[in-house]
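Engineer: I am attaching a structure below and will ask some questions about it afterwards.
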Amino acid sequence: TLDVEVPILYPTAEWKAEGAPSNDATKELKRLKPKRIVGQMTISKSFLHYHPEDDTEFINSLMEIVYDTLLSQMFSSKEESEDAPKGLFNGLSATTISNVGDLASLMSSTKNGSNGVFVLSPSAEQKLLALNPNLYDNGKIYNREVYVVSQMESDYVAYLDLSKIVLVDWNILGCDIDPVSLAHEAKVKLTTNYYVNYEYLRTDTIAVGKMG
């Protein structure tokens with residue numbers, strides 16, 4: 001099987017006398033199955049004939065849309081399906097963000113320490129800037145790094161530790177060039193299959209909000 005198991009951690013700490021047995025931190029093993037992103041593109045044969053040097057550019061464009069599809073699923077609240085993994089925000093209660101101060105509350109609700117970063121959708125960033133044009137201080141919010149992810153679900157804000165995202169790449173990525181199936185239309189079809197999955201390791205280090 002190609003499945004991979006990753007540990008979901010629930011660390012604990014407690015006072016114990018010297019020599020007293022301690023309780024083991026709990027964890028569960030999450031089995032990740034390869035999920036497939038299929039990217040396709042059609043190109044006219046005449047264009048390829050006169051611009052053969054553009055082959056690599058077409059393939060790169062196809063790979064870009066595949067990675068866009070990955071990020072739009074990852075930074076979302078979408079349900080898991082047979083085809084796709086669940087979004088990182090699925091199952092989490094989203095706090096309503098109605099002012100910039102709510103971002104501080106989002107931070108304090110996690111156990112990130114100094115490792116947390118803000119991830120914003122473009123629409124959330126615009127609304128936060130409308131609330132406070134001085135949102136950023138040297139490119140940061142509350143002295144934390146900020147990433148604006150264009151593929152992120154609209155109006156969402158997340159505070160998380162990026163190092164807790166485990167991305168499993170089965171390294172099965174290639175591009176098939178099919179000159180036959182669309183030959184009657186004088187076209188060539190490019191197809192790529194990308195096998196990937198992901199998981200967030202510690203749910204106490206991620207909090208999400210949504211602009212109200």
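The values are calculated or read from the model by the stated rules, or taken from the named source; none is laboratory data. The structure presented is a predicted model; accordingly, all values stated were derived computationally and were not measured. For neighbour counting, all protein chains shown are included, and Cβ atoms are generated from backbone atoms with ideal geometry for every residue, glycine included. Accessible surface areas use protein heavy atoms only, side chains included; no ligands, DNA or RNA. Shrake-Rupley method; radii C 1.70, N 1.55, O 1.52, S 1.80 Å.
Engineer: LYS127 is checked against (1) at pLDDT 95 or above; (2) open to solvent by 70 Å² or more (accessible area, probe 1.4 Å); (3) closer than 30 Å to ASP178 by Cβ and fails just one. What number does that condition carry?
Structural biologist: (3)
Engineer: Output yes when any residue across segment 101-124 is farther than 20 Å from GLY212 by Cβ, in a strand (DSSP E or B) and either hydroxyl-bearing (Ser, Thr, Tyr) or open to solvent by 80 Å² or more (accessible area, probe 1.4 Å) (or both), and no when none is.
Structural biologist: No, every residue in segment 101-124 fails to be farther than 20 Å from GLY212 by Cβ, in a strand (DSSP E or B) and either hydroxyl-bearing (Ser, Thr, Tyr) or open to solvent by 80 Å² or more (accessible area, probe 1.4 Å) (or both).
Engineer: Please indicate, with yes or no, whether at least one residue in segment 173-188 is β-branched (Val, Ile, Thr), closer than 30 Å to LEU2 by Cα and free of Cβ contacts under 8 Å to residues at least 24 places away in the same chain.
Structural biologist: Yes, that holds for at least one residue.
Engineer: On to the next question. Looking only at segment 72-91, filter to residues that are in a loop (DSSP other than H, G, I, E, B) and of a type in the set (Gly, Ala, Ser); which one of those is most open to solvent (accessible area, probe 1.4 Å)? Let's see the steps before the verdict.
Structural biologist: The initial filter retains those residues of segment 72-91 that are in a loop (DSSP other than H, G, I, E, B), namely 75-91.
After this cut, where a residue has to be of a type in the set (Gly, Ala, Ser) as well, the list is 76-77, 81, 84, 87, 91.
On the way: SER76: 1, SER77: 38, SER81: 51, ALA84: 24, GLY87: 1, GLY91: 78 Å².
Ranking the candidates gives GLY91 first.
Engineer: A further question follows. For the structure I just gave you, tell me whether VAL166 is of a type outside the set (Ser, Thr, Tyr), at pLDDT 95 or above and part of a strand (DSSP E or B).
Structural biologist: Working: of a type outside the set (Ser, Thr, Tyr): yes; at pLDDT 95 or above: no; part of a strand (DSSP E or B): yes.
So VAL166 does not fit the description; no.
Engineer: Could you run through segment 31-50 and say how many residues are under 30 Å from the mean Cα position of the chain (by Cα), open to solvent by 80 Å² or more (accessible area, probe 1.4 Å) and over 25 Å from TYR200 (Cβ atoms)?
Structural biologist: So the count comes out to 1.
For (1) under 18 Å from GLU125 (Cβ atoms); (2) among the β-branched types (Val, Ile, Thr); (3) free of Cβ contacts under 8 Å to residues at least 24 places away in the same chain, each residue gets a yes or a no:
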| site | (1), (2), (3) |
| --- | --- |
| MET63 | no, no, no |
| VAL66 | no, yes, no |
| GLU79 | no, no, yes |
| ILE97 | yes, yes, no |
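Engineer: Name the residues in segment 24-44 that are at pLDDT 80 or above and not in a strand (DSSP E or B), would you?
Structural biologist: LYS33, PRO34
Engineer: Considering only segment 125-156, how many residues are farther than 14 Å from ALA104 by Cα, assigned to a loop (DSSP other than H, G, I, E, B) and under 18 Å from the mean Cα position of the chain (by Cα)?
Structural biologist: Count: 7.
Engineer: Please pick out the residue among TYR147, TYR136 that is loosely packed, with under 15 Cβ neighbours inside 10 Å, touching a Phe, Trp or Tyr at 6+ places or on another chain (Cβ under 8 Å) and among the hydroxyl-bearing types (Ser, Thr, Tyr).
Structural biologist: On inspection, the qualifying residue turns out to be TYR147.
Engineer: In addition: What is the residue count in segment 6-21 for residues that are surrounded by fewer than 12 Cβ atoms within 10 Å (Cβ to Cβ) and modelled with pLDDT of 70 or more?
Structural biologist: Looking only at segment 6-21, we keep the residues that are surrounded by fewer than 12 Cβ atoms within 10 Å (Cβ to Cβ), and these are 11-21.
Now narrow it down to the ones that are modelled with pLDDT of 70 or more: 13-21.
Residues that pass the stated criteria total 9.
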